[in-house]
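A short worksheet on the structure shown next.
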Amino acid sequence: MAEAERPIPEKKSVGNRLVAESADRLRDLVLARPAGEQIGSLNDVASKLGVGIVTVQQAARILEHEGLLEVKRGPGGGYYGTRPDHAAIERAFATYMRVHDIGYREAFELTLLLDCDIICAAARHLDEAGATTLETLVEQLEGTRTPDDRIRFEVDFRETLFAAFQRPLLELLSRVAMQLYRSQADPAQFAAAVPLKEWKLGRRRILDAILKRDEELANFEAHRFRRQVLRWTEAGTD
């Protein structure tokens with residue numbers, strides 16, 4: 001039989017597809033239940049999915065790697081649904097960005113762009129507890145002097161806004177972009193490119209707009225600040 005006519009690659013392809021489909025269905029079973037709940041034994045899961053135990057074991061390894069499944073052995077053992085923690089997801093996303101050579105500048109620009117949505121969402125959802133925390137940020141901003149102070153403020157600024165609303169995907173993207181930026185950026189370089197007085201003024205305007213719960217004004221100030229910072233940093237790289 002000619003090499004091109006051999007059926008083995010097709011069988012392997014079908015097997016891989018079956019494992020992938022089984023992983024999708026097992027993922028649905030896990031996510032339909034609270035974290036920590038037992039999905040069933042190996043045989044139970046094989047019966048639910050309508051596949052063999054070897055296929056279930058291969059699919060289970062995929063979900064274990066994703067942080068969605070825990071296999072317990074012994075009495076009371078079986079497959080238990082779990083949830084990946086934020087740190088694991090952030091590490092995976094950061095690795096993806098590094099693999100695809102997403103560098104400091106692109107991460108920086110993405111952080112500024114995401115900030116605009118985060119700021120608008122915060123203005124829309126700000127409660128009294130969040131307002132009190134923002135007032136503390138205003139005081140922190142006034143005391144910011146050094147490059148490290150600025151980075152610390154930027155981190156605290158985002159963490160405070162994240163607490164004001166629930167937008168998991170937006171938060172994840174922003175955290176990863178900021179993480180990649182901080183791993184490659186030089187705080188002194190940013191400080192040299194972006195004037196301290198103007199940076200403080202821009203951030204203060206944004207904080208004031210959020211505290212007023214004025215989403216339109218917050219959007220305007222966020223985009224104005226983004227344009228200014230991009231202009232300053234681009235000039236600093238010429």
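Annotations
- From the list Arg226, Arg158, Arg203, the lone residue that is without any contact (Cβ under 8 Å) to a residue 60 or more places away in the chain and either surrounded by 14 or more Cβ atoms within 10 Å (Cβ to Cβ) or over 23 Å from Leu126 (Cα atoms) (or both) is Arg158.
- Qualifying residue in the stretch 194-203 (condition: part of a helix (DSSP H, G or I), under 16 Å from Ile118 (Cβ atoms) and not aromatic (Phe, Trp, Tyr)): yes
- Listed here are the helices (runs of 4 or more DSSP H) enclosed by the stretch 51-159 that have at least 1 residues being at pLDDT 90 or above: 53-66, 104-125, 128-142.
- One residue stands out in the stretch 131-154 among those that are more than 14 Å from Leu196 (Cα to Cα) and among the β-branched types (Val, Ile, Thr): the one that is surrounded by the fewest Cβ atoms within 10 Å (Cβ to Cβ), namely Thr132.
- Failed criterion for Asp117 (all others in (1) acidic (Asp, Glu); (2) in contact with a helix residue (DSSP H, G or I) (Cβ under 8 Å, 6 or more places away or on another chain); (3) outside the structural domain of Arg231 (by TED's automatic domain parsing) hold): (3)
The values are calculated or read from the model by the stated rules, or taken from the named source; none is laboratory data. Just so it is clear, the structure is predicted and the values come from calculations on it, not from any experiment. Neighbour counts are summed over all protein chains in view; Cβ atoms, including those assigned to glycine, are modelled from backbone coordinates with ideal geometry.
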